[in-house]
Each structure stands twice: as structure tokens, then as C-alpha cells.
Amino acid sequence: MTRRRLAAALLAVAAVILSGCSQVAAIAPVGGSRLAEVRYAALDVLTSADVEILTAPICTQGADETVTCGGTTVDGQAIRAVSTGASPDDVTVTVGSDTLYDGSVQDVLEKAMQR
């Protein structure tokens, strides 16, 4: 009987720990680095616009703090997201020659959290 209680207690503790991990993972996009935030915002814009992504945007940050992300759609169009060092709170997301979004990174992330 004691072993069963111990096993049950260990399972309960493990469940609490694992559920805590998933909750932390869920808020990670909000508390990440600027590069990660720009990438998450770009992905949110793309999925909201039902863009079929072949290669998800990969982001780099330049010496001037500009974050640039590039990927491709299923039909071969270029995906580009840019957040300049001069306007670090804004991002422009384009697919081919179409601008899907030009505005606040934080607004995109907050809208995605409400879904």
C-alpha cells in the first residue's frame, strides 16, 4: 500500500512539473529575444493570411540591429520580414511583391495570443 501511494505521489508531481513546462513553452514567444519575436510575428502574419509555407522564415540580425527573415512559399514566392534597427518595434512582412503586414511586432503577438 505504501508503494502505491509513493508511486501515485510521484506521478502527481511529474504531472504538475510537465504541465508547468507546457505553460512556459506557451508564453515563450512573448518573452523571447527580438529576433525570435520578429520571427514569431512573421509566422503569425503568414498563418493568418493562409500562406502555404514551404520553407519557414529564418532570421538573422545585422550589426545595425536590423532583423531580416527569409523563406519561401509552396509556389516559390519569396517570404521576407524586416524589422529595422531604426524602428525595432515594427515589422514588414511581404510575400513576393505583396505586403501582408506593416506595423507593430507586439500587436501581432498579442493578437495571436487571443486566438
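Overview of results
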{"quantity": "Pairs where the first residue, in the stretch 34-47, is in contact (Cβ under 8 Å) with a residue 60 or more places away in the chain and the second is in a helix (DSSP H, G or I) and of a type in the set (D, E, K, R), C-beta under 8 Å, 6+ apart", "calculated": "Asp44/Lys111"}
{"quantity": "Number of positions in the stretch 57-77 that are among the hydrophobic types (A, V, I, L, M, F, W, C) and surrounded by 15 or more Cβ atoms within 10 Å (Cβ to Cβ)", "calculated": "3"}
{"quantity": "Residue satisfying all of: in the stretch 78-115; basic (Lys, Arg) and not in a loop (DSSP other than H, G, I, E, B); surrounded by the fewest Cβ atoms within 10 Å (Cβ to Cβ) among these", "calculated": "Lys111"}
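Quick note: the coordinates plus some simple rules give every number you see, no bench work behind them. Just so we're clear, the structure is a prediction, and the values are computed from it rather than from any experiment. Neighbour counts are summed over all protein chains in view; Cβ atoms, including those assigned to glycine, are modelled from backbone coordinates with ideal geometry.
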